[in-house]
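Please treat every number below as a calculation from the coordinates, not as lab data. Quick caveat, the model's predicted, so the values are computed rather than measured. Don't worry about glycine lacking a Cβ; one is built from the backbone with ideal geometry, like all the others, and counts go over all protein chains shown.
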Amino acid sequence: MYYTFKIITHIFIFLTIPIIGLCQETSFEFILESVNDEIIIDAIEDINGNFYCVGQTKNPYTPDFDTSSGILLKLNKHGKLIDSIVITEDEKSCIITDIELITQDTFLLNGFTYSFLNTGGPKYNSSIYLSKVNQNLEIFDTCYVDFADSIGFVYSEPSITFDNEILLSGCVRNGPHPESYIAFLGLHSISMDSVQYHLYTENPSFGSYSRKISDNKYFMAGFGMTSFVPYRYMFFDSAFILTEETQIEPYVNPFGIKWDTDSSFYLAGRWVENSDNNIGIIHQRSINDLSNYSSLSWGSPDTMELPARFSGIDFLNKDSIFFGGIFNGGIFDFAEIPTGFFVAQTDSLLNVRWERFYGGEAYYMMNSIVATNDNGCMLLGSRYDYKNTTELERDIYILKLNSEGLLTSTSENPKIQMHEALVFPNPGTEFLRVRIAAQYSQSTFELFDMNGNLVLKENIEGKWKQISTSFLPQGTYIYKIHNQQGLFESGKWVKQ
C-alpha cells in the first residue's frame with residue numbers, strides 16, 4: 001500500500017434474483033482513514049464488478065505548500081481494497097477528477113496539475129493531465145496540455161466521442177476575480193499525440209459536460225460565473241466556433257448530465273428559481289428543440305440541499321435514474337456542521353419512487369453518484385469528522401447501495417445511519433423544520449419532553465413543514481415521525 005492508513009469496510013450483501021446478467025446486488029460502506037486529507041471524486045466499474053476510484057490526497061501538515069497528489073483505488077465488488085497508487089508530479093500538485101472507459105481493460109484518467117508553491121488563490125502554472133491506466137493500475141501514455149504560466153486554475157471534464165476521440169471542456173482562470181474564468185473546448189486523439197483547443201474570452205463562464213453531436217457540431221453546458229451571465233447551452237461547429245447559445249429554462253445550475261440518446265439528456269441541477277424547491281432534474285428531450293423538456297424539482301427552503309459537486313445524476317437504465325447530493329450545507333471543503341447524503345430514484349418520466357438520507361453526525365461531502373451494474377449506485381465523497389479531529393483532514397467515504405437505496409446488513413452495523421425524515425436545525429431555538437422523504441405524502445410529528453409527556457403534535461402534508469417551538473423551555477426533547485405507510489423516525493432535538 002502507498003501509505004499507512006486504517007480502512008474500515010462494512011460489507012452488506014443482499015441476495016436477490018439478478019436483473020442484469022448474473023449480477024447479485026451488493027452494498028457496502030468503505031472508509032479510508034489516514035493522516036492525510038483525502039477525497040474521492042469519480043469512479044468506474046469494470047465487467048468483473050471491480051471499482052476504480054480517483055481523487056486527491058494531501059498532507060494537511062504542510063500549510064506553506066499545496067502538496068496534493070492524485071490517487072487511484074481499486075475495490076472489489078464487496079468494497080475490499082485490492083490495490084492503490086499515488087500519482088505525483090515533480091514540483092507540482094496533481095488532482096485526478098475523472099476516470100472514463102476507453103476499452104474493456106483500459107481507462108482514461110483526467111485531472112490537472114499546478115504549482116505547489118501557491119497555497120491560496122489561483123492555481124498558477126496549471127496544466128491538464130491525461131493518462132491511460134490498465135486494470136493492474138499501470139499508467140502509460142501520459143499527456144499534458146500546458147497553458148501560460150499566468151493562467152491560474154484549470155479544470156476539465158472528458159468524454160469519449162462516437163469516433164473515439166477525447167473531448168475536453170472546462171475553464172481556466174486568468175485573473176483574481178470571477179469574471180476571469182474562461183471556458184474552453186478541446187479535442188485530443190485517442191493516442192494523445194495531437195491536440196487542439198479554443199479559449200472563449202468573450203464571456204466569463206465555466207464550460208462543462210461537452211459532447212460531440214455530429215461530425216460538425218459540438219455541445220457544451222456553460223456556467224455563468226457572475227449574476228449577469230446566465231447558465232446556458234452552447235453549440236459549436238467543427239472549428240470550435242460558437243454558433244449558438246441559449247439560456248437554460250428553467251433557470252438551473254447544472255451539476256451533471258447523462259445522455260440517454262444522441263440528442264437528449266437528463267440534467268441534475270440546483271434550482272435557482274423563486275420557489276421553495278432548490279434541487280431538481282431536467283429531461284431535455286431534444287437539443288434541436290430546446291423548448292421540448294420536462295422537469296422535476298423538490299427540496300425545502302433553507303436546507304441547503306445541493307446536488308453532488310461533480311456529477312449528481314447517473315443511470316444504466318433510464319427507468320431507474322439515480323440522483324444524489326448533500327443536505328444541510330456542504331458548499332465549503334471544511335465546516336463544523338452535520339451534513340449527509342441524500343439519494344433519490346426516479347423513472348424515465350421523472351416520477352420519484354423513493355428518497356433516502358444518510359449521515360447527519362459529521363460533515364459529509366458528495367462529489368459524484370455512479371450507477372452500478374447490479375442496479376444499485378455508489379455515493380462518492382468525503383467525511384470530515386470535526387468532532388474527533390483537530391486537523392483539516394477528510395477521510396475517503398464511499399457508500400454502495402442496492403437498487404432500493406439501502407445498506408442491507410447481515411452481521412454488523414454501518415457507521416452511517418439511513419433516515420427517511422430529518423429534523424433541523426438541531427440544536428434550534430424558535431422553530432424546527434421537518435423534511436420528509438419524497439415517497440411519503442402525509443406524516444405525523446410528535447415531540448416529547450424527557451419525562452415522556454407529549455408537548456407538541458403536528459400533521460405534515462407533503463415533504464416539509466416548519467413548526468414553531470417558541471413556547472417550549474430550553475432543554476432536550478424526543479421526537480417521533482411516523483405514518484401508516486411504514487415511516488418511523490425518532491431522535492433527540494435540543495432547544496437552546
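A few remarks follow.
- Charge dipole (debye, nearest 20) of region 431-495; +1 at Cβ of Lys and Arg, -1 at Cβ of Asp and Glu: 180
- Ranked from largest, the principal axis spans of the Cα set of region 431-495 equal 33, 20, 14 Å.
- Distance between the C-alpha centres of region 141-161 and region 394-465: 42 Å, rounded to the whole angstrom.
- Structure-derived Cα extents along the principal axes in Å - corresponding label in [x] 81, 57, 40; [y] 73, 53, 50; [z] 80, 65, 40: [y]
- Cα gyration tensor, region 330-464 - rounded (a/c under 1.5), prolate or oblate: oblate
- Extension reserve of the N351-L137 stretch, reckoned as 0.36 nm per residue once the Cα distance is removed: 73.1 nm
- Classified by the C-alpha gyration tensor, region 31-152 has an oblate form. Its axis ratio a/c, with a ≥ b ≥ c, is 1.5 or above, and a/b does not exceed b/c.
- Rounded if a/c under 1.5, otherwise prolate or oblate - region 278-409, Cα gyration tensor axes: prolate
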